[in-house]
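Only the coordinates and a few stated rules stand behind these numbers; no lab work does. Remember, predicted model here, so these are calculated numbers, not experimental data. Using ideal geometry, Cβ is built from the backbone for each residue, glycine included, and neighbour counts are taken over all protein chains shown.
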Amino acid sequence: MTLADRPSSRRLPDLDAVTRAICERVADRLEADAEDLATSMTGAVFDEIPAYGSIAAPGGRESVLAHSRDHIHAVARAIRTWSLPFGEELVFVKTRGAVRASQQVPLTALLHSYRIGHRTVWERLVRLLAGFDDALDAVLALTTLTLSYTDVISAALAEGYVERQRSMLAELDRDRRDLLENILQGTVERQTDTLRLASSFALVPGGDFLVVVMSRVSESHTPAGEAETRAAETLRRHLAMGVAQPFVVIRHGEVVSIAPLARARAVAIARLVRMAHAELGQRGERWAAGISTMCSGLVEVARGYQEARRAFESAAPDAAVCVLLETPVHDYLMQRVDGTAVRMIPAAGRRLLESTAAADRILVETLQAYARAEMSARVAADQLAVHPNTVTYRLQKAGELLDRDLAKFSDLVEVLTWARLIELSRHG
């Protein structure tokens, strides 16, 4: 690319002949001192930026030294052409940004290293210009060039860094999705590559896990893909308070997580999921979540996923969180009975328990309060704000209508089962 082909934003103000001559002599001196100057740059970077210690392994320091040389020659070329680098001239900077992103060097540290490079070059320029007469215009011109040069290469550096980081995140998401699908196939322990990938995500094959499934239960103004992404980020952020490396994947409209129990107990995982669920609710979105029982090893996660799906289905009508380890077994079984169980309820039971009459509803409510009170008429009376004798009378009345002795535990459990079945059938 010729100077005339460069965008106007890459050109610098014209120089007079004297200033131009001084600047070209400075460029010659920079290239002559390139090795010494590159060594000074490299030493300053490693001395002042701790993050560079992670790349000081064999070859790391040499690569920084070589890159420093490239910059010195690039600055000299910019001085000679009196223009800022453009297009292919910035490839070496973008490539370096991508390399540092792969090495997980923070972008702030990387940009700081380039500021150190600018400082080192400028200090050398000041020393060189001190030997020239009438160099004020050259000082001002070179100040403008070096500052502009640093801005241009910093932008190119950040661009290369961010592009590589996006690519790495996309690869990471793809690896997570592929890993989840392999785990859900139930053949994970026969796949060495899958086990190795699982370990890289802190999913130890022999560990204990809970499976979480979250999904929207109603439409909202937020587009589906965006809503799932936000929910996944919310769940991941909350799980990070108890899980070192949260594993969260968006799968077919669901947000699925495999949560290790190494650091956090099951109750802690449930609390963190509820916190994420509450945050989503505060945004006006209706989500439900289900959490499985404990899975011993990755081989049981496929079963745990099915459990979490069923728990989600139980929670969906109320947009709630269903934690199977906290759910009474009889409630879980009740939610899975078929129509036959409902038809087995005697007619007398259906008449009372399905009745909408106020007097009948009072009897049913008293029966349920009595059960909640662990069969204590006094405690039930306190809950209902009535006299204990009133509770006893109502239970006797309900027992007569149902043809059951509600003072007997077996009869009480049977009638409560009828009531629960009718309630579930009423909700579909």
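Starting from the Cα coordinates of the stretch 44-97, work out the convex hull volume and express it per residue in Å³. If you can, show how the numbers build up before the last one.
Values: hull volume 4.8 nm³, N = 54.
Normalising the Cα hull of the stretch 44-97 by residue number yields 88 Å³.
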What list do you get for Tyr52, Tyr332 if you sort them by fewest beta carbons within 10 Å? Tyr332, Tyr52
Express in nm, to one decimal, how much length is gained between Ala240 and Arg196 on full extension, taking 0.36 nm for each residue of separation and deducting their alpha carbon distance. 13.6 nm
In the stretch 18-76, if every C-alpha pair distance is counted and binned at 5 Å from zero, what percent goes to each bin? 4, 19, 23, 19, 13, 9, 6, 4, 2, 0
Which residue, Phe132, Phe247, Phe92, tops the fluctuation ranking in a GNM of the chain built on C-alpha contacts under 10 Å? Phe132
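For the chain, what is the calculated [θ] at 222 nm in deg cm²/dmol (nearest 500), taking -39500 (n - 2.57) for each run of four or more DSSP H residues and dividing by its residue count? All intermediate terms of the calculation are to be shown ahead of the outcome.
Details: 17 runs with 268 residues, N = 428.
Rounded to the nearest 500, the figure is -20500 deg cm²/dmol.
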What span do the alpha-carbon atoms of the stretch 192-327 cover on each of the three principal axes, reported in whole Å from largest to smallest? 43, 30, 25
Largest to smallest principal axis extent of the C-alpha atoms in the stretch 309-390, angstrom: 45, 30, 21
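In the neighborhood of Thr150, defined by Cβ-to-Cβ distances under 11 Å, what is the net charge if each Lys or Arg adds +1 and each Asp or Glu adds -1? If you can, show how the numbers build up before the last one.
Numbers: positive: Arg115, Arg119; negative: Asp151.
Counting the neighbours of Thr150, the net charge comes to +1.
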GNM of the chain, Cα pairs under 10 angstrom: of Phe209, Phe46, Phe409, the biggest fluctuation goes to Phe409
Hey, what do the phi angles of the stretch 247-259 turn into as Karplus ³J(HN,Hα) couplings, whole Hz, using 6.51/-1.76/1.60 and θ = phi - 60°, x for Gly and Pro? 9, 10, 9, 8, 9, 6, x, 9, 10, 10, 10, 10, 9
Return one number: the angle in degrees, 0 to 90 and rounded to the nearest 10, between the long axis of the Cα atoms of helix 358-372 and the longest principal axis of the Cα atoms of the chain. 70 degrees
Can you put Val99, Val267, Val188 in order of Cβ neighbours within 10 angstrom, beginning with the fewest? Val267, Val99, Val188
Of every Cα-Cα pair in the chain, the percentage lying beyond 36 Å is 56 percent
Please list, in order along the stretch 288-293, the HN-Hα scalar couplings obtained from phi with the Karplus expression 6.51 cos²θ - 1.76 cosθ + 1.60 (θ = phi - 60°), rounded to whole Hz, x for Gly and Pro. 10, 9, x, 10, 6, 7
Rounded to the nearest 10, the angle in degrees between the Cα long axis of helix 266-282 and the longest principal axis of the Cα atoms of the chain comes to 80 degrees
Round to a whole angstrom and tell me the spacing of the C-alpha centers of the stretch 162-237 and the stretch 26-60. 41 Å
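Note down, for the stretch 1-156, the three equivalent ellipsoid semi-axes (square root of 5 times each alpha carbon gyration tensor eigenvalue), biggest first, whole angstrom.
Values: eigenvalues 155, 66, 29 Å².
Output for the stretch 1-156: semi-axes of 28, 18, 12 Å.
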A correct fewest-to-most ranking of Thr392, Thr108 by other Cβ atoms within 10 Å would be Thr108, Thr392
GNM on the chain, C-alpha springs below 10 Å: top fluctuator among Thr390, Thr81, Thr144? Thr390
To the nearest 10 degrees, the tilt of helix 17-32 (Cα long axis) against the first principal axis of the alpha carbons of the chain is 70 degrees
Largest-first ellipsoid semi-axes for the stretch 339-426, taking √(5λ) over the Cα gyration tensor eigenvalues, angstrom: 22, 13, 12
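For the stretch 82-184, report the convex hull volume of the alpha-carbon atoms normalised per residue, in Å³, without decimals. Kindly include the intermediate steps, with their values, before the conclusion.
Values: hull volume 9.5 nm³, N = 103.
Dividing the Cα hull volume of the stretch 82-184 by its residues yields 92 Å³.
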